[in-house]
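Only one structure is covered here, and it is reproduced in the block below.
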Amino acid sequence: MSKIQNMWPTLKRLLAYGSPYRKPLGLAVLMLWVAAAAEVAGPILIGYFIDNYVAKGQLPLMIVSSLAVAYILLELLAAALHYFQAILFNRVAVGVVQRLRTDVMDAALRQPLSAFDTQPVGQLISRVTNDTEVIKDLYVMVVSTVLKSAALIGAMLVAMFSLDWRMALVAICIFPAVLVVMGIYQYYSTPIVRRMRSYLADINDGFNEVISGMGVIQQFRQQMRFGDRMSAASRSHYTARMQTLRLDGFLLRPLLSLFSALVLCGLLMLFGFSGEGAIGVGVLYAFINYLGRLNEPLIELTAQQSILQQAVVAGERIFELMDRSQQSYGSDDRPLASGRIDISDLSFAYRSDKKVLQHISLQVPSRGFVALVGHTGSGKSTLANLLMGYYPLSEGEIRLDGRPLSSLSHHTLRQGIAMVQQDPVVMAESVLANVTLGRSIGEEVVWQALETVQLGELVRSFPQGIHTRLGSRGIICP
């Protein structure tokens, strides 16, 4: 019970992303109930035919044809409704994943820069892509299967109790056993699934590190060491995955099939061979059919435990990222005018045990130019990052235009301070998009900027000019 309680906050938050899609979800649920009623009506027709016509040796052509056509129409109706509800659930799932990925990426972009000092890029990519893809399976498979199975089980229970309540009481004995199996499965599978998701993130992080640093790895002949590390991560993921498969193989279909067979034996012993003749052959056939069908949704419900566990663990990882504290800024929206910089007794450390800057004081006058020269690791980039507001100040003060840096709003900082990185980053967009960065800037202004930095001639040589799409690291895409 405690496991379920621990899962519920995350699961509730994941399901809340489906709230904007209430209408398609409601229509899909209605289709499921109608389809379940159509499926349940089939065995009732056959049981009626057996008891009222086959048992009496009467097979009128008109009745047989009518019942056959009705049975086929019911099956076709159920199949069509299942098809359309699957489409609706997939549309909802894709919409949910799109919203979730947007929120995750927005949360990542608003993280303080210090968060990326210890957060491997590969693990972040894993949360945005792999973990959200697992949550799509939550809607496509788990939610749809639970609703479909609930509708089918409910319709079959109504049909069984309407046919014979005594046999129905025997048939429902399978439900307590299923609940016990689901509880045991959840207890043992949760830690395994959590380890498996962590190993998958390690694999993604390893691939990202290897691919981005391939030149250095080959230059220093470290292929074997990195290959061994990737193999170890893959083996750990394989071991965890095999543990879940063994758990699935023992606790899911085989065990539930055994329970179903035991209930069927009980029905046959109590009612099939009693000799009293109180139970018709058609009713017995309908119950056997329902029991066989009842086994499938129960197995499907239990089988979805694995996907549910993976989705909840993925949700925990995603929400842990989204709930982190975001970069904080002040509320002063006044634009920077003079550009004067005053740094007073500034000290800073990425880690408390080692300071990068110690008691730095500096004054840059309005429209002045200052060059910071020092060896690698002396703190030049750190000071630039502090001026950009990427890290909170621990000791000392920075003032821009006489105003404390911490009081300036995000808009004021980004509008008034610019940084040209030592290693430029080119986004996988067009040249125009890389220059405008989402701002509404005309092409003429962009061309003027390109000419100013002496890139105009180069861009004109591209296949589509300013609209040429660039790939990673500036590679021109065909």
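The values are calculated or read from the model by the stated rules, or taken from the named source; none is laboratory data. These numbers were taken from a predicted model, which means no experiment stands behind them. Because the Cβ atoms are built from the backbone with ideal geometry, glycine has one as well, and the counts that use them run over all protein chains shown.
A few remarks follow.
- Set R317, R324: member being in contact (Cβ under 8 Å) with a residue 24 or more places away in the chain, surrounded by fewer than 15 Cβ atoms within 10 Å (Cβ to Cβ) and closer than 30 Å to V193 by Cα: R324
- Any hit, region 210-227, residues being in contact (Cβ under 8 Å) with a residue 12 or more places away in the chain and under 30 Å from V170 (Cα atoms): no
- Residue, farthest from D333 (Cα to Cα), within region 388-401, restricted to residues that are part of a loop (DSSP other than H, G, I, E, B) and modelled with pLDDT under 90: S394
- Residue satisfying condition, being modelled with pLDDT under 80, crowded, with 17+ Cβ neighbours inside 10 Å and assigned by TED's automatic domain parsing to the domain that holds I125, within set L247, L179, L251: L251
- In region 423-440, the residues that are β-branched (V, I, T) form Cβ pairs under 6 Å with partners that are assigned to a loop (DSSP other than H, G, I, E, B), at six or more places apart or across chains, as follows: V431/T468.
- Count - residues of region 84-142 that are farther than 24 Å from Y391 by Cα and of a type outside the set (D, E, K, R): 28
- Number of positions in region 191-202 that are touching a residue at least 40 places away in the same chain (Cβ under 8 Å) and more than 11 Å from L247 (Cβ to Cβ): 8
- The set of residues in region 189-203 being farther than 16 Å from V312 by Cα and among the aliphatic types (A, V, I, L, M) consists of I203 alone.
- Scanning region 345-387 for residues that are modelled with pLDDT under 90 and of a type in the set (D, E) yields one hit, D353.
- Residue within region 83-98 that is more than 29 Å from T10 (Cβ to Cβ) and of a type outside the set (A, V, I, L, M, F, W, C) present: yes
- Those helices (runs of 4 or more DSSP H) of region 178-269 in which 2 or more residues are under 30 Å from T129 (Cα atoms) occupy 214-219, 223-251.
- Failed item in (1) assigned to a strand (DSSP E or B); (2) at pLDDT below 90, with A337 passing the rest: (1)
- L81 being buried (at least 19 other Cβ atoms within 10 Å of the Cβ) and modelled with pLDDT of 90 or more: yes
- Filter result for the condition that a residue is without any contact (Cβ under 8 Å) to a residue 12 or more places away in the chain, among the aromatic types (F, W, Y) and not assigned by TED's automatic domain parsing to the domain that holds Q111, over F369, F348: F369
- Members of region 352-393 that are among the small types (G, A, S) and loosely packed, with under 13 Cβ neighbours inside 10 Å: S352, S361, S366, G368, A371, G374, G377
- Residue list for region 100-134, filter: more than 14 Å from the chain's Cα centre (by Cα) and among the small types (G, A, S): A107, A108, S114, A115, G122
- Filtered by the rule that a residue be touching a residue at least 24 places away in the same chain (Cβ under 8 Å), buried (at least 16 other Cβ atoms within 10 Å of the Cβ) and of a type outside the set (A, V, I, L, M), region 112-136 gives P112, P120, G122, Q123, S126, R127, N130, D131, T132, K136.
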